[in-house]
Amino acid sequence: MLGRKSLVCAGLLPAVAAAVEGPLSVLDPAAPAAREAALLWWWMLLVAVPVWALVCGLWLRASRRSPTTARTGQQSSGLRWLLFGGVLLPGASIAALLAWGIPAGQRMAYADTDPPALTIEVSARQWQWDVRYPDSGVRLVDTLYLPAGEVVDIRLGSADVIHSFWIPRLGGRMDAVPGRIHRLRLRADEPGEYHGQCAEYCGIDHAFMRLRVQVLSPQAFAAWMEAAAR
């Protein structure tokens, strides 16, 4: 029986691995910031699964106790579980999450890097992305070109309602709010095509508010920029 179970689990591994891949998968990172988010997700899952199993086990154990057994030593036992399950366990979990998450958030923001190589202005509207390269005057719609291996400063705004700029394989999401300019830094490791999506419901065509991201080598990006600026 154990051999059959092992074979079944081994057979499921390729399916599980395939499930985390895809153009909009946060678990298939292609940039440092996205890797930080994916790693944090996996650690949270690693902690959440045994905690969930423990809670289910305790629930099953409690559901099978007789009323007489449950009343015996109820006060002292309840106090112990209150301290462990209500104070120590969540307190330790939150402390560990903050100890890992705060430095990860700083790294995702590229807070300790040099000034960005490029600034791009992105304005969201129902239901498209207006992209502008202020240094060259190039304007695009629903398409973003980035140089590989370089930190890029994205300046986000909105012309109508709240939207959310999100390229899952490259980094975290950032809201685009009317009347405000938010800053998001990205860096893609390798040339290729990536996909973005508005992650904040913004109206009837929200699901179709997509962004195609083309990452080019620095030389190819410079050539594209020169051609597009003509």
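Tabulated values for the structure
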| read-out | value |
| --- | --- |
| Fraction of accessible area attributable to carbon and sulfur, region 80-174 (%, probe 1.4 Å) | 60 percent |
| 1.4 Å probe accessible area per residue over region 81-160, in Å² | 54 Å² |
| Distant-in-sequence amide H partners of CYS198 (H built 1.01 Å from N, under 5 Å) | MET209 |
| Rounded to 5, percent antiparallel among DSSP beta bridges of region 92-164 | 55 percent |
| Size of region 164-230 as Cα extents on the principal axes (Å, biggest first) | 38, 26, 23 |
| Directionally averaged projected area (convex hull, Cα atoms, region 96-230), nm² | 8.8 nm² |
| Extended-chain gain in nm, criterion 0.36 nm per residue less alpha-carbon gap, LEU58 and LEU40 | 3.8 nm |
| Magnitude of the charge dipole, region 100-230, Cβ model with Lys/Arg +1 and Asp/Glu -1, debye to 20 | 160 debye |
| Whole-Hz ³J(HN,Hα) from phi, Karplus 6.51 cos²θ - 1.76 cosθ + 1.60, for region 215-222, glycine and proline x | 9, 10, 4, x, 5, 5, 5, 4 |
| Protection-proxy order for peptides 187-194, 118-125, 175-182, 79-86, each taking the mean of Cβ atoms within 10 Å per residue, highest first | 118-125, 187-194, 175-182, 79-86 |
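The values are calculated or read from the model by the stated rules, or taken from the named source; none is laboratory data. Note that the structure is predicted; figures quoted are calculated from it, not measured. Cβ sites come from the backbone with ideal geometry, for glycine too, and all protein chains shown count toward neighbours. The area values use the complete protein model at the heavy-atom level, side chains included, leaving out ligands, DNA and RNA. Shrake-Rupley method; radii C 1.70, N 1.55, O 1.52, S 1.80 Å.
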